[in-house]
1. Taking the condition of being within 23 Å of the chain's Cα centre (by Cα) and on the phi > 0 side of the Ramachandran plot, how many residues in the range 233-284 meet it?
2. Among the candidates V285, V279, single out the residue that is modelled with pLDDT of 95 or more and either within 27 Å of A167 (Cβ to Cβ) or not assigned by TED's automatic domain parsing to the domain that holds T381 (or both).
3. Which residues, counting only those in the range 300-318, are in contact with a strand residue (DSSP E or B) (Cβ under 7 Å, 6 or more places away or on another chain) and not aliphatic (A, V, I, L, M)?
4. Of all helices (runs of 4 or more DSSP H) completely enclosed by the range 319-389, which ones contain at least 1 residues that are within 21 Å of F308 (Cβ to Cβ)?
5. Counting only residues that are among the small types (G, A, S) and in a strand (DSSP E or B), how many does the range 15-39 have?
6. Taking the range 147-186, which residues are part of a loop (DSSP other than H, G, I, E, B), surrounded by fewer than 20 Cβ atoms within 10 Å (Cβ to Cβ) and not aromatic (F, W, Y)?
7. Can you give me the number of residues within the range 127-140 that are surrounded by 14 or more Cβ atoms within 10 Å (Cβ to Cβ), at negative phi and touching a residue at least 12 places away in the same chain (Cβ under 8 Å)?
8. Got a sec? Which of P371, P282, P360, P271 is touching a residue at least 60 places away in the same chain (Cβ under 8 Å) and over 30 Å from A119 (Cα atoms)?
Amino acid sequence: MPVQTPASPISQLIHWEENGVQCSARWRSEAGMPPPKRVMIADDRTNADVAYRLACEGTALLWRGDFQNARQLLQALARRADVKGKPSKKAKPAKAPASPTEAFHLHRQAQSQRARTLAMLLIPFDAGYTIPLRRAPDVQLACNEAYGRFEEPFIASLRELLGLIGAHEWRRTGVEIPALDARIHPHYGVFSPVRGEYVELVANTPLPAGVKLAYDIGVGTGVLSAVLAKRGIARVIGTDQDPRALSCARENLARLDLDGQVELLQVDLFPEGRAPLVVCNPPWVPARPSSPIEYAVYDPDSRMLRGFLAGLADHLTPGGEGWLILSDLAEHLGLRPREDLTAWIAAAGLKVIERHDVRPTHPRAADATDPLHAARAAEVTSLWRLAAA
């Protein structure tokens, strides 16, 4: 169950007026969005153009109509947001970004604005995660998986709820991992191993001779720990700070009957001691997450990457190896020069033994309409074999 802190968004209240009565309820936002200050009641009669204008102005719409109609309204808002993001035929051609870095920041800014606008359509929840709307689905299991137990009524964004439902489906069906000949089932808020090339790198890189112990730093879904255990490493210790990730990894490893080989610890980066193999797949992009669940993708100031490199030599046995799995997308976006990475490696008292590279095959790499297409098309994912210098 996720731990709630006093500063958690769930402790906040949202206020509105309904039928001449001042009302309030708990507010929930996994994205960390504060409760909207202006709230209007909306229902099946609400016009999509009016709703979009209000949402853009920062007025939230608390839905009291049919649930399926709310979903259709959200789709209508998304279409308007997407059209707004495209230049009209009569408009002057937009000035091209001066650099890949500017293109990245403009893209993130547009994504953030779109997310804020679409988050303005709100859904009420009664105690026990039931939705008091016509034709509302049963979302108790999806909410329990994402939020843990919570009995009070609250208000949340419909868009966030649909994300929870989608995550529940991902968790139920899983992601096929050829290296395991099995599926990994990601939990809500834990990065899904859909970018399979990095898993294949860990599955195919030759292991150090006689290795019987490995550390998996930032275990996530447990996929790399599972691959290492399947490759015959007798004991793997996986670490993570996120309780959701540890719960996810624990469930996946038990399903694969590997929980006897893999120990999970809630620590920041390294466990105590040394190992002949230490593996880390940190978030690849050094940028600030716009929500807590984006920490699996964005690593502000390369904190995890630098922490791993700085502590690696002290956690390797003599002759041991550290495997750093990292995309160079940040380099193509101008967010982190290759020189910074090689300088951090040298400063940590490490040397590069070898590097294995693979090109991603995900759909975005071939999507010429993607604002970051040039960087994605040039991207290479690498496994850096490191050792103490």
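The values are calculated or read from the model by the stated rules, or taken from the named source; none is laboratory data. From a predicted model like this one, the values you see are computed outputs, not experimental measurements. So basically every Cβ, Gly included, is an ideal-geometry build from the backbone, and we count neighbours across all protein chains shown.
1. Result for the range 233-284: 1.
2. Details: V285 fails: modelled with pLDDT of 95 or more.
Going through V285, V279 in turn, just one is modelled with pLDDT of 95 or more and either within 27 Å of A167 (Cβ to Cβ) or not assigned by TED's automatic domain parsing to the domain that holds T381 (or both): V279.
3. Residues satisfying the conditions are F308, H315, T317.
4. Here the list reads 329-332, 338-347.
5. Number satisfying all stated conditions: 2.
6. G148, R149, E151, E152, P153, G174, P178, A179, L180, D181, H185
7. 4
8. Just one listed residue meets the conditions, P360.
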